[in-house]
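Read the structure below first, then the notes.
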Amino acid sequence: MTQRVAILISGGGSNMLALVASMTGDHPARPVLVAANDPAAAGLARAAAGGIATAAVDHRAYGDRADFEAALHAVLAEARPDILCLAGFMRILTPDFIARWEGRMLNIHPSLLPKYKGLHTHARALAAGDTEHGCTVHEVTAALDDGPILGQARLRVTAQDTAETLAARVLPLEHRLYPAVLRRFVEGERGMLTLA
Ligand code: GRF
């Protein structure tokens, strides 16, 4: 039975586009909604252009996280997703929200977790003098960027790299890794995928 996937974004949605583009043909899942916490997120128009239903739940319109998440849940309930993919989604979700989706919610993070949870991952990898860097897809749990790792993609850091060049070189890895991990996840595979 085809799995229904909702994708949460905050910005341009390049990872969302890669996920949407992958869910075709014999892929066992299809995108059913792209939702953003910012009505101005450019990814909303890009999703709509691809024929995907979209929704904007502006987190600034709600007094607290619980109210925002209740509104987000209402939108999700209508789309009836089986799986949530966070893709450049920049809001911290409460443990209550996560508890309702745990085991069915994925995120992509631009570092080789468990290194560099949180923000500014590329600058931190450079500052640490790391020779390897990359991205991770993991299951979302209440602890930030801490859930079971499902896949990683790696690259060599060069002496010429800056945080900007690293971000630009990691992003295409994300676009390869996330769709590959999502398909395995839908097919019930939980072993770690490593992309060189
Ligand atoms: C990417 O670096 C992703 O790792 C991070 O947000 C950035 C933008 O993602 N979570 P997207 O282009 O909006 O998918």
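The values are calculated or read from the model by the stated rules, or taken from the named source; none is laboratory data. Just so we're clear, the structure is a prediction, and the values are computed from it rather than from any experiment. Note that each Cβ is placed from the backbone with ideal geometry, even for glycine, and that neighbours are counted across all protein chains shown. For the accessible areas, the whole protein counts, side chains as well, though only heavy atoms, and no ligand, DNA or RNA atoms are used. Shrake-Rupley method; radii C 1.70, N 1.55, O 1.52, S 1.80 Å.
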Discussion item. With a 1.4 Å probe and all protein chains left in place, how much accessible area per residue does the stretch 108-196 have, in Å²?
Written reply: 47 Å²
Response to the item:
Kirkwood radius from Cα pairs of the chain plugged into Stokes-Einstein at 20 °C, 1.002 mPa s, gives D in µm²/s equal to 126 µm²/s
Fill in: Projected-area mean, the stretch 108-196, by convex hull of Cα positions, square nanometres
5.4 nm²
Item to complete: Measure of size requested: the Rg and Dmax of the stretch 1-101, with Cα atoms as the atom set and Å as the unit; please supply both.
Response: 12.9, 43
Worksheet item: Placing +1 at every Lys and Arg Cβ and -1 at every Asp and Glu Cβ, with all other atoms neutral, what dipole size does the stretch 1-101 have around its Cα centre, in debye to the nearest 20?
Response: 180 debye
Discussion item. How large a share of the accessible area of the chain, in percent, is made up of carbon and sulfur atoms when the probe is 1.4 Å and the other protein chains stay in place?
Written reply: 56 percent
Discussion item. Hydropathy at least 0.0 by Kyte-Doolittle, axial extent at least 24 angstrom from the Cα trace: which helices of the chain, defined as entire DSSP H runs, fit?
Written reply: 163-186
Worksheet item: Hey, how many Å between the Cα centroid of the stretch 46-62 and the Cα centroid of the stretch 8-22?
Response: 12 Å
Worksheet item: If you put +1 on each Lys and Arg Cβ and -1 on each Asp and Glu Cβ, how big is the dipole of the stretch 91-194 around its Cα centre, in Debye rounded to 20?
Response: 140 debye
Worksheet item: FRET efficiency for MET1 and ASP64, Cβ-Cβ distance as r, R0 = 30 Å, nearest 0.05?
Response: 0.25
